[in-house]
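The values are calculated or read from the model by the stated rules, or taken from the named source; none is laboratory data. Computed from a prediction, not measured in an experiment: that's the story for all the values here. For neighbour counting, all protein chains shown are included, and Cβ atoms are generated from backbone atoms with ideal geometry for every residue, glycine included. Accessible surface areas use protein heavy atoms only, side chains included; no ligands, DNA or RNA. Shrake-Rupley method; radii C 1.70, N 1.55, O 1.52, S 1.80 Å.
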Amino acid sequence: MGSADGLPILIAGGGIGGLATAYALARKGFSVRVLEQASEFRELGAGIQLGPNIFRALGRIGLTEAMLEDAWRPPAQEMRDALTGALVTRIPLGDEFFARFREPYAVTHRADIHGVFLRACQASNLISLETDQRVDDFEDSGESVMVTLNSGERAEGSALIGCDGMWSRTREKIIGDGRPRVSGHIAYRAVLPRDQVPDDLWRPDVVLWAGPRTHFVHYPLRRGTLYNLVAVFHSDRYVEGWNAEADADELWARFTGQRPEVLRLLELIETWRMWVLCDREPIKEWSKGRVTLLGDAAHPMLQYLAQGACMATEDAVWLAEMAAAQPDDLPAAFRAYQQQRYLRTGQVQIMARVYGEFYHARGVAAELRNQMLGSRTPEQSYDGIGWLYGGM
Ligand SMILES: Cc1cc2nc3c(=O)[nH]c(=O)nc-3n(C[C@H](O)[C@H](O)[C@H](O)COP(=O)(O)OP(=O)(O)OC[C@H]3O[C@@H](n4cnc5c(N)ncnc54)[C@H](O)[C@@H]3O)c2cc1C
């Protein structure tokens, strides 16, 4: 089987979503051109949590084992109060968790998840991976899509999938709903070698310190050789992109008064990189004719459920399955794909905001959070997240 009319499917963007989609489509026999604006296929250094739902998707494209190879399997997720140090809740992620969800929970480096998809794509003779190719514009004639690249070159495909992230140009053209919503939350992130983390501060778990209008997360990465740190706080700064250099003074001002474990870990970092967190309201339709969107381009979300990459991967698997079911009618396949996805991704967009409120609660709200989560059994915690982890 090839794509409907013999032309490749074009993918704008070779991030996690773009490469997962290319690979999932190639497995179904489609030829694909991935057009990436950067000069190489690469991901920024930071950790990423992989819920059992992404493993359900990876299983359908045969990549579970490869993904687990360099990942870290934390024994538990813990929430602690950043002011008192008290344990709020501890959710085991071992056998009990596996028995419930039938898939593991892991954390990995962004470069590692991206690398798994990249190597899978490189091994396929149906995928062309092209760098320095920014998609500037496109026209859908109804029969095919003609893309204009920054070089002025034009490329024709049977369809275009916009995997071009939070600030997607593809979205601008088919939806046109303006800039993403700036949440007012900023994430500072850093990755340290294991030996730079004092033994009394190193923990095998995913630990989240919930503070007033802040939270701080840390966990090991890459088979335990690295340590990932992410500090999130409220701020009105706005810088587009995912790699701006951060202002440490602002961080100190927000975390002052928190537990010594938090402050000692924050002190270890010399240079922080920063992300200004944005999202959008969920939408129901993100396809138009032979053009569709995927991942952050379709449903950008705050990272409080740690699901953006997981959702992009689920999208990729569903899109490929829908395209394979009707390869001669890609516009219909795209409509079926968005129909399959919009409620699930919309729920994650909305619930991620709710979790953010929970993490950053102050005063009575924080007390209530601690009381509510603290009284849960592991089984009740699994029930609470079952809608997300149990699906795909
Ligand atoms: C602080 C933070 C922590 C997170 N933690 C998690 C987590 O734990 N678990 C999780 O699942 N998710 C997490 N996420 C979310 C996740 O990182 C994103 O949702 C995911 O990377 C989106 O992938 P994507 O491929 O859709 O977009 P991107 O990763 O943004 O990739 C887009 C690609 O398109 C390219 N591009 C853009 N425009 C063009 C163009 N015009 N032409 C060609 N190429 C173009 C870009 O160069 C880039 O390579 C986190 C996000 C943040 C901010």
_Whole-Hz couplings from phi, Karplus 6.51/-1.76/1.60, listed for region 373-386; x for Gly and Pro_ = 6, x, 8, 7, 7, x, 4, 5, 5, 4, 4, x, 10, x
*For the chain, what is the mean residue ellipticity at 222 nm derived from helices alone (per DSSP H run of n ≥ 4: -39500 (n - 2.57); sum divided by total residues; nearest 500 deg cm²/dmol)?*
-11000 deg cm²/dmol
*What ranking do 344-353, 309-318, 143-152 get when scored by the average of other Cβ atoms within 10 Å per residue, highest first?*
309-318, 344-353, 143-152
*Can you find, among GLN380, GLN347, MET301, the residue farthest towards the positive end of the dipole of the chain? Put +1 on the C-beta of Lys and Arg, -1 on that of Asp and Glu.*
GLN380
_Sort HIS234, HIS299 by heavy-atom solvent-accessible area, probe 1.4 angstrom, most to least._
HIS234, HIS299
*asked:* I'd like the Kirkwood hydrodynamic radius of the chain, using the inverse of the mean 1/r over distinct C-alpha pairs, in Å.
replied: 21.5 Å
*Per residue, how many Å² of accessible area does the chain show with a 1.4 Å probe?*
40 Å²
*What list of ³J(HN,Hα) values in whole Hz, one per residue of region 12-21 in order, does the Karplus curve 6.51 cos²θ - 1.76 cosθ + 1.60 (θ = phi - 60°) give from phi, with Gly and Pro shown as x?*
8, x, x, x, 4, x, x, 6, 4, 5
*What angle do you read, to the nearest 10 degrees and between 0 and 90, between the alpha-carbon axis of helix 330-359 and the longest principal axis of the chain?*
10 degrees
*Which order do the peptides 253-261, 163-171 take when ranked by the mean count of other beta-carbon atoms within 10 Å per residue, highest first?*
163-171, 253-261
_Relative packing of peptides 99-106, 275-282 - highest average C-beta neighbours within 10 Å first_ = 275-282, 99-106
*Pick from VAL364, VAL354, VAL291: which residue has the top mean-square fluctuation in a GNM of the chain where Cα pairs under 10 Å get a spring?*
VAL364
_region 240-392, Cα convex hull volume normalised per residue, Å³_ = 151 Å³
*So how strong a dipole does region 227-336 carry about its Cα centre when Lys and Arg Cβ are +1 and Asp and Glu Cβ are -1, to the nearest 20 debye?*
180 debye
_In whole Å, what are the extents of region 116-166 along the principal axes defined by its C-alpha atoms, from largest to smallest?_
33, 23, 22
*Ratio of Rg to Rh for region 1-132, alpha carbon only, Kirkwood?*
1.09
*Give the percent of DSSP beta bridges with both residues in region 1-97 that are antiparallel, rounded to the nearest 5.*
55 percent
*Per the 1.4 Å probe, what fraction of the accessible area of region 266-392, in percent, lies on carbon and sulfur atoms?*
51 percent
*asked:* If I fit a long axis through the Cα atoms of helix 110-122 and take the longest principal axis of the Cα atoms of the chain, what angle between them do I get, 0 to 90°, rounded to 10?
replied: 20 degrees
*Rank these residues by their accessible area, most exposed first, probe 1.4 Å: LEU87, LEU268.*
LEU87, LEU268
